[in-house]
Each structure stands twice: as structure tokens, then as C-alpha cells.
1. Among the residues of region 138-164, write down those that are open to solvent by 10 Å² or more (accessible area, probe 1.4 Å) and of a type in the set (G, A, S).
2. Please work out which residue is nearest to Y222 (Cα to Cα), limiting yourself to region 312-344 and to residues that are in contact with a Phe, Trp or Tyr (Cβ under 8 Å, 6 or more places away or on another chain) and open to solvent by 10 Å² or more (accessible area, probe 1.4 Å).
3. Return the residue satisfying two criteria in turn: it lies in region 165-181 and is touching a residue at least 24 places away in the same chain (Cβ under 8 Å) and not in a strand (DSSP E or B), and of such residues it is most open to solvent (accessible area, probe 1.4 Å).
4. Identify the single condition in (1) in contact (Cβ under 8 Å) with a residue 24 or more places away in the chain; (2) out of contact with any Phe, Trp or Tyr (no Cβ under 8 Å at 6 or more places or on another chain); (3) farther than 30 Å from E371 by Cβ that E24 does not satisfy, given that it satisfies every other one.
5. For residues that are out of contact with any Lys or Arg (no Cβ under 8 Å at 6 or more places or on another chain) and either assigned to a strand (DSSP E or B) or among the polar types (S, T, N, Q) (or both), tally how many sit in region 311-346.
6. For region 344-366, enumerate the residues that are over 16 Å from the mean Cα position of the chain (by Cα), under 21 Å from F143 (Cβ atoms) and modelled with pLDDT of 95 or more.
7. Would region 27-34 turn up any residue that is at pLDDT 95 or above, assigned to a helix (DSSP H, G or I) and aromatic (F, W, Y)?
8. What residue, among those in region 41-91 that are aromatic (F, W, Y) and surrounded by 20 or more Cβ atoms within 10 Å (Cβ to Cβ), is nearest to A321 (Cα to Cα)?
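The values are calculated or read from the model by the stated rules, or taken from the named source; none is laboratory data. Since the structure is predicted, the reported quantities are computational estimates derived from the model, not experimental observations. When we count neighbours, we look across all protein chains shown, and the Cβ atoms used for this are built from the backbone with ideal geometry, even at glycine. Areas reflect the complete protein model, heavy atoms only, side chains present, ligands, DNA and RNA absent. Shrake-Rupley method; radii C 1.70, N 1.55, O 1.52, S 1.80 Å.
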Amino acid sequence: MKIEKEKLIEDFNQLLETLKEHPEQFGFIDATSYAQLVNNQRDKLKDSMTVQEFYQVTAPIVASLGCLHTRIVDMRFFSTAHKYWLPVIVWFEDEKMYAINNCVASTEMNIGSQILEINGISSNKIYKTLKSTISADAYNQSFYREDLNVNFLYYYHSYFGYESEYIIKFKPYNSEEIMTTSFYIDEPAPQYKEEIINKPRLGIEINEENKTAIIKIKNFNYFPRGRENFDFFKETIDTYMKQINDENINKVAFDLRGNRGGNPECTEYILSYIIDKEINFYEDNNLNKSRKRPITVKPKTTNNISNANIYILQDGRSASATAQMLAVVKHNQLATLVGEESGGTYSTHPGRGATALKNTKLGLQIGTERESVNVPKLALDKGIIPDKEMKLQLSDLVNDNNSLWNYMLQD
């Protein structure tokens, strides 16, 4: 369905007014460059456009603020039947695209196949185009890659739309032969996405032989609704810590890869178990005082694991509240950080919902006043650097090898 230009202009202007509400709109882009970008994108408005075309025009403007929590979202993706989605989960490495599942029509397109084109568009162009639509704190390159690794289907379909046929040009893993396969939307919908979505947000694995525990926390989105969500998180962590102590586990890893953040109370709760003395968390400033936030975190006296060898696994998608936790851990030397530069910094702008665009119905979120944790002032354009830098490689995925876990187990 096409929307007339007058209504598109109305939404465009509404978007610009909303972005003015950001407390540091020009923190990462200067006013002149921003104005030029806005004018260039405004010139792309046609007499009538689809929502998808309007998203293509506006998403780069929103992303230009360099704020993770300032986003424009096409909610239609989440109500679109899975059979219309591109039938492949991808992985980006060195700006190249690889298939990491084989839910496609051709069995030759095995795990690790390099995808060269999708419907005639090169994978390199797809990568660069989608990067321009992603909101990342300080244009963090690690975050772009890791968020695409997780949310590629959303970004791809929001920008490029849906087709009746997907033609994929690829090279099978460890082969230079170029092949082509097609997928039609009238085929049975693959179930791979449900399997990913249904993975639990909290989990623990214990290796009795090595006396090692790995706690996987997918996100910290346990916001109180009558407190039950946060209480569930606390009770689960309490159970894990008791189990660790009961079984005399001496090496504990928190796997926070892919964890985009959430409720800071959750990160503070984790910290309370791995400290042996009170530490500063938030900066002691008027903003935090007005929010009545506790500036310090006190150690747990029951099942405290501060004497264990503690590791935290991180990647480019570890952002927002998760990155702030990493900053506090590193500053206080509470654990060994393993992985790659985090996608967030010690400081961020928490987001709040904004009014959806009137005619296109695209959703909006805007960053609020900046909040920072109490660490020495770090560069705002850098994530938290791990003590041991390691990246999960394509070969790890192909061979089902978790190199970061293995490093922690063997260290």
C-alpha cells in the first residue's frame, strides 16, 4: 500500500521533532553533517511510497545519532508469517556472510557456505546497507556485526522487504564452486526461528570433572511487574549460587555474549555475589540521587563466590546495562573478561517509548538523560576491552566448538 507524499512529509517532520528530544542529539554527529543527511534523505521522498521505502529513507537518520536506545522499528515484521522470511540464519565475519544453518532447499548449501548474493544484491552491499540502519552507541563496529548475527532477518526484511522467491548465490563450505539455490514462500515454513526464540534466558551448566560452572544469561530484561519478574531472576541466581557452593565449584563463568542489557538491578544482583566488599556502582550525581538509586553494591554474605576464579564472556552485542556491568567488573578487577570489545560503553542513554509515526505507524524509541557507572572516565566511543581478546570464529560454529568456553575451562 502506497502512502501519499503529504502524509509522508508529516511523518518525516514528526520524526525530526522527536529526535530533537534527545539530550545529546549531536554527541556523535555534528549539526552540519546531520542537516546535510536530513536534506539528502528528504529529497528521496516521492509522490507516494510504501512503509518499507519510507523506512529506507528514515532509518539512517535515526541511526546517525549514535545512540543504541534511539531506534525506529517496523513492527510488521513480528506479525509476518515465518514462511515469508528468508530461510537461512547467517553469520558475518570480516564483512562476509555465511550460512550457519541448512534450512534451505539445496543440501549443497551446507553450514559454513559463503553467501555471495541474495536476489542479485551482493552480501557486501547488504551488510553495508543494513549497518546504516542500526542504532549503535558511538557507531560501535562490534555491535553492528553481532546485532546483525542475531537480528539479520529483522533488519533484512525491514529494509529489503519480502519476495515470493529468494535466489541465493553461494560457495559451499571449503569450496570455490559457485552455486545457486532458490526458496519459494509456498514451501513449508522452517521451524528454526522458533527454536532460537525458545532458548531459555537463564541457564547453568556444571562440569563436575573440572569443578566449573557456566551461567548463561541471554538478557537482563527482568523488569518488575508486581516484582515477579525480578524476583524470579533473583531466586534463580540464588539457586545457582547455592548449587555452586554445595558442589564446591571453584571456577565460574557468566556467559553474557549476545546480552543487550535490560534491568540494572539484575547486574547489581550478580555483582553482589562476586564482591567481597562494598563497591561503587553508579556515579554519585544529582540524576542518580533524584532517581533514588543506590550508589553502592554490598556483598552477599550467603553463598558468596568471590573466592572462586570468575570469568565473564562478552561480545559485540554486550551492551547497555551489560556493558556498564563489564565496566564496573573491569575497574574493580572482579573477574577475567574474555571475548571481544563490548558493543556498549560505561555510559548510555536509557530509552523510552515515543509516539509512533502517525501515518506509517513505524515505532520510535528515544534516548533519555545519560547515565554512567562509577569508573574512571573512559572514552565514550569505545566499548569495554576484555582482558583476553577472542572472537568466536566461523570454524567454531561449523565444528560446534565453543572456543571461549574451552579457554575458560583450560585456563
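1. A138, S142, S164
2. R317
3. Here the residue is N174.
4. It is condition (3) that E24 fails.
5. Here the count works out to 5.
6. If the condition is that a residue be over 16 Å from the mean Cα position of the chain (by Cα), under 21 Å from F143 (Cβ atoms) and modelled with pLDDT of 95 or more, then G363, L364, I366 are the ones that fit.
7. Yes, some residue in region 27-34 is at pLDDT 95 or above, assigned to a helix (DSSP H, G or I) and aromatic (F, W, Y).
8. Of the residues in region 41-91, the ones aromatic (F, W, Y) are 54-55, 77-78, 84-85, 91.
Cutting the leftovers down to surrounded by 20 or more Cβ atoms within 10 Å (Cβ to Cβ) gives us 54-55, 85, 91.
On the way: F54: 31, Y55: 28, W85: 31, W91: 25 Å.
Ranking the qualifying residues of region 41-91, first place goes to W91.
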